[in-house]
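Scroll down for the structure; my scribbles are underneath it.
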Amino acid sequence: MSHITARPGNTFQDCQALVEKLLQEAGPHIVLGIPLGIGKPNPLVNALYRRVAADSALSLTILTALSLEKPHGASELERRFIDPFVERVFGDYPDLEYVKARRAGALPQNVRVIEFFLKTGDYLENDVAQQDFICSNYTNAARDMLALGVNVLAQAVGAQGEGADMELSLSSNPDTTLDILARLPQLAAQGRRVLTVAAINRKLPFMTGEAQVAPACFDYILEDAASTHDLFAPPNMKVSLQDYAIGLYASSLVADGGTLQIGIGSLGDAIAHSLIMRQHNNSAYRTLMQDLGAAGPEQGEFTQGLYGCSEMFVNGFMHLIRHGVIKREVFADERLHSLLQQGVLQVELAADSLQRLRHAGVLGQGLDQATLDWLQRWGILAPQVRLQDGQLSAGGQALGSADAPDWQALQAWQGERLQGGVFMHGGFFIGPRDFYSSLHLLPPELKAKVSMRRISFINSLSGHESLARMQRCKARFINTTMMVSLLGAAASDSLDSGRVVSGVGGQYNFVAMADALPDARSILMLRATHARADQVWSNIVWSVGQTSIPRHLRDIVITEYGIADLRSKTDGECVRALLAVSDARFQDELLDAAKRHGKLAHDFQPPAAWRRNTPQDLAARLSRHRALLPDFPFGTDFSEDEIQIVKALKKLKASVGHPLDLLHTFVASFVEEHEHVERYLERMQMEEMDSLKQRLLRRLFVGNLS
């Protein structure tokens, strides 16, 4: 990392001034590439959006993904709850103005937003967002931005120091930016210029390693005070018993000494919590797994630990690091990994490691400068050892010549532990407030072991396959899906109609990688059913209308009712395995479909055990372990009062379509008031309600607290 002073004239203290400069340099038609998630420079994007929206002679195309927006309530009661929460948790985070306009159907004619991953479920009824969605693997995002003519690349960055001593970090989002920066010299040789902008947000955690970049990487640096603002911080959500069952099953497939990828949300938290329980309360873990009926092969403690390699570095990984589960280090050197695999070396170096290297033929009779550099790079020899004029020495002590080293004397200068190891590689991060605080407070020695990388490194083997195969041993790539067909195809991003729920992101990349690595497995998790109002549907179906993962890549599928191992299985075996983990209420319908299409023998009768796949039976099996399965295993930004209020609001929402339930709730509000009702009413700002409608809402709210 070189400390290079920003070039004269390329630092701006005002968003609007930089916008004018970009229009002057790039021209009136801006194609803006910005990262997904929290790496967007929101104040700059908003200033550019407003400038273009006000001038029809200009145009703006935004290329990005996962455009985040603070939560907002759809009803008066929801707003009374959410608005104070958002103010407390999201602070001064500025929403993106193009998001609000697109949601309202009010994007100007000269502004277009193209995304390859949408905020889940937010744009199902938004035709403009559906039409301007680009279906692409995450690894191809940089390629697609360049193909679509990006001429301005802008990103929020972390910073340390000032002026000539300033250092920059791509922080949460080296993912696509590094891949694009690597292409810029080639583009310049072709006469194409892409302007690069770093907007400093000093609240972004400063990540080191490949994420740390020189200011000279950017054409312009923005130090507007408005660019330093709170980060988008979604709170941890409740983990249900259904989620825990899925997480527990998944945890029993994770091999010690292996590699782990998980995602955000309650299922990711359930997996992380289950792995921590497996490590630190193994006896209780095994008893719980027995009661659950889980027969996963991996239920022991972690002695070697895991290496995290995940496009999303989430809060669960931070807790796995704290609890000593994520601790297996990998190194950016094939020869070193080969020696580790052979047992010649260990991370904690043996006293005779130099002798072992000699016996393995790695070290010859002599010791040249290149070999010495390699030994010192990885901490095998101390940095004090010098080779000068053909003579080896350290601390004033002669250690022989390059042709005839004194190996016995050199052994005193051997390191105690390999250096340069990393136990977590991520492409981007997002999480609750305490997650960002943890990243800020990581001591340097731990932060060096968490390396944010370009997405082409994380999500693929291309360009580094030999090393990746060594690093990603026994990989378990765990992702969520929406629906799985009885023949093993998965729909993870779109409905049968083609309407996009989210995007394929990196899921296909990881499934394909699991197929390519000899001891890896792809694990797709889904809840067996989904419900809306009074209706319940099975998420295991005969066929899916839109396929994210084709059936020829079918591997492991997990529901709350068990594990379906589909790899190397016939179609008939695949059908039976998925029926065994489906909800009992839908098994007859699925059986009929499979038999009708010739994929199941007509005389096949399901085992009686399958009929136990019900929510009631699952709750009964897990209920005595409730103390081990907290609602919020990693805490939450919701207060205890707010958790109770959320429960009341959910009950009220569920009863809206049931007049008798509403009447019962209304009556209950007069006779069964909750002991803390005044406190809850104060939190909801409902102490004084004037109109008849407001008083009725208050009564219904109180009734659902009872």
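Looking only at the stretch 568-591, residues that are among the acidic types (D, E), open to solvent by 70 Å² or more (accessible area, probe 1.4 Å) and more than 30 Å from L241 (Cα to Cα) come to 0 in all.
Scanning the stretch 24-37 for residues that are open to solvent by 20 Å² or more (accessible area, probe 1.4 Å) and part of a helix (DSSP H, G or I) yields Q24, E25, A26. Residues in the stretch 594-610 that are among the aliphatic types (A, V, I, L, M), within 36 Å of the chain's Cα centre (by Cα) and surrounded by 14 or more Cβ atoms within 10 Å (Cβ to Cβ): A594 alone. Note on the stretch 328-349: residues that are touching a residue at least 40 places away in the same chain (Cβ under 8 Å) and either in contact with a Pro (Cβ under 6 Å, 6 or more places away or on another chain) or on the phi > 0 side of the Ramachandran plot (or both) amount to 0. If you go through the stretch 539-567 and keep only what is closer than 23 Å to W610 by Cα and either open to solvent by 60 Å² or more (accessible area, probe 1.4 Å) or outside any loop (DSSP other than H, G, I, E, B) (or both), you end up with I540, V541, S543, I556, V557, I558, T559, G562, I563, A564, D565, R567. Just one of the numbered conditions (1) under 20 Å from R453 (Cβ atoms); (2) touching a residue at least 60 places away in the same chain (Cβ under 8 Å) is not true of G121: (1). Is the stretch 182-195 home to any residue that is within 26 Å of A332 (Cβ to Cβ) and open to solvent by less than 20 Å² (accessible area, probe 1.4 Å)? No, that holds for no residue. Among the candidates A394, A404, the residue that is free of Cβ contacts under 8 Å to residues at least 60 places away in the same chain and over 25 Å from L336 (Cβ atoms) is uniquely A404.
Residue-level analysis places S437 among those that are open to solvent by 40 Å² or more (accessible area, probe 1.4 Å) and either among the β-branched types (V, I, T) or closer than 30 Å to Q507 by Cα (or both). Screening the stretch 240-313 for helices (runs of 4 or more DSSP H) wholly inside it with 3 or more residues that are buried (at least 24 other Cβ atoms within 10 Å of the Cβ) and among the aliphatic types (A, V, I, L, M) returns the ranges 241-251, 266-280. Can you confirm whether the stretch 505-516 contains a residue that is touching a residue at least 40 places away in the same chain (Cβ under 8 Å), part of a strand (DSSP E or B) and either open to solvent by less than 10 Å² (accessible area, probe 1.4 Å) or polar (S, T, N, Q) (or both)? Among the residues of the stretch 505-516, not one is touching a residue at least 40 places away in the same chain (Cβ under 8 Å), part of a strand (DSSP E or B) and either open to solvent by less than 10 Å² (accessible area, probe 1.4 Å) or polar (S, T, N, Q) (or both), which makes the answer no. Which numbered condition trips up F428, out of (1) free of Cβ contacts under 8 Å to residues at least 60 places away in the same chain; (2) farther than 21 Å from G324 by Cα; (3) not in a helix (DSSP H, G or I)? The number of the failed condition is (1). One residue alone among P405, P432 is crowded, with 17+ Cβ neighbours inside 10 Å and in contact with a strand residue (DSSP E or B) (Cβ under 8 Å, 6 or more places away or on another chain), and that residue is P405. Here P444 passes the criteria (1) open to solvent by 10 Å² or more (accessible area, probe 1.4 Å); (2) in contact with a strand residue (DSSP E or B) (Cβ under 9 Å, 6 or more places away or on another chain); (3) of a type outside the set (V, I, T) except the one numbered (2).
The set of residues in the stretch 517-538 that are open to solvent by 20 Å² or more (accessible area, probe 1.4 Å) and not aromatic (F, W, Y) comprises P518, D519, R521, R527, T529, H530, A531, R532, A533, D534, Q535, V536.
Condition (residue is over 27 Å from N236 (Cβ atoms), of a type in the set (D, E) and either open to solvent by 30 Å² or more (accessible area, probe 1.4 Å) or at pLDDT 95 or above (or both)) applied to the stretch 637-654: is it met by at least one residue? Within the stretch 637-654, not a single residue is over 27 Å from N236 (Cβ atoms), of a type in the set (D, E) and either open to solvent by 30 Å² or more (accessible area, probe 1.4 Å) or at pLDDT 95 or above (or both). Within the stretch 408-421, the set of residues being open to solvent by 30 Å² or more (accessible area, probe 1.4 Å) and free of Cβ contacts under 8 Å to residues at least 40 places away in the same chain comprises Q408, A412, W413. On inspection, S485 does not qualify as at pLDDT 95 or above, under 19 Å from the mean Cα position of the chain (by Cα) and either farther than 21 Å from F317 by Cα or not charged (D, E, K, R) (or both). Evaluate the stretch 204-222: report whether one residue or more is under 14 Å from V150 (Cβ atoms), open to solvent by 10 Å² or more (accessible area, probe 1.4 Å) and either in contact with a strand residue (DSSP E or B) (Cβ under 7 Å, 6 or more places away or on another chain) or in a strand (DSSP E or B) (or both). Among the residues of the stretch 204-222, at least one is under 14 Å from V150 (Cβ atoms), open to solvent by 10 Å² or more (accessible area, probe 1.4 Å) and either in contact with a strand residue (DSSP E or B) (Cβ under 7 Å, 6 or more places away or on another chain) or in a strand (DSSP E or B) (or both), which makes the answer yes. Restricting attention to the stretch 46-89, which residues are of a type in the set (S, T, N, Q), under 21 Å from A17 (Cα atoms) and not in a helix (DSSP H, G or I)? Listed by number, the residues that qualify are S56, S59, T61.
Restricting the stretch 25-40 to residues that are farther than 13 Å from I114 by Cβ and among the small types (G, A, S), the residue that is farthest from the chain's Cα centre (by Cα) is G27. Only strands (runs of 3 or more DSSP E) whose full extent lies in the stretch 90-175 are considered here, and the ones with at least 3 residues that are among the hydrophobic types (A, V, I, L, M, F, W, C), open to solvent by less than 10 Å² (accessible area, probe 1.4 Å) and within 23 Å of L18 (Cα to Cα) are 152-160.
Consider the stretch 61-79 and keep the residues that are over 29 Å from the mean Cα position of the chain (by Cα) and not small (G, A, S). The one that is least open to solvent (accessible area, probe 1.4 Å) is L77.
So is R476 within 30 Å of V157 (Cβ to Cβ), touching a residue at least 40 places away in the same chain (Cβ under 8 Å) and touching a strand residue (DSSP E or B) at 6+ places or on another chain (Cβ under 7 Å) or not? Here the answer is no, as R476 does not meet what is asked.
Within the stretch 87-109, residues that are over 19 Å from P432 (Cβ atoms) and modelled with pLDDT of 95 or more have Cβ atoms under 8 Å from residues that are surrounded by fewer than 18 Cβ atoms within 10 Å (Cβ to Cβ) and of a type in the set (V, I, T) in these pairs: R102/V128; L107/V128, counting only partners at least 6 apart in sequence or on another chain.
Test L410 against the stated conditions and say whether it is among the hydrophobic types (A, V, I, L, M, F, W, C) and either more than 26 Å from Y307 (Cα to Cα) or modelled with pLDDT under 95 (or both). Yes.
Against the test of being more than 30 Å from G91 (Cβ to Cβ), modelled with pLDDT of 95 or more and of a type in the set (G, A, S), the options S438, S494 yield a single qualifying residue, S494.
The values are calculated or read from the model by the stated rules, or taken from the named source; none is laboratory data. These numbers come from a predicted model, not from an experiment. Every residue, glycine as well, gets a Cβ built from its backbone with ideal geometry; the counts of neighbours run over all protein chains shown. SASA here: full protein model, heavy atoms, side chains in, ligands and nucleic acids out. Shrake-Rupley method; radii C 1.70, N 1.55, O 1.52, S 1.80 Å.
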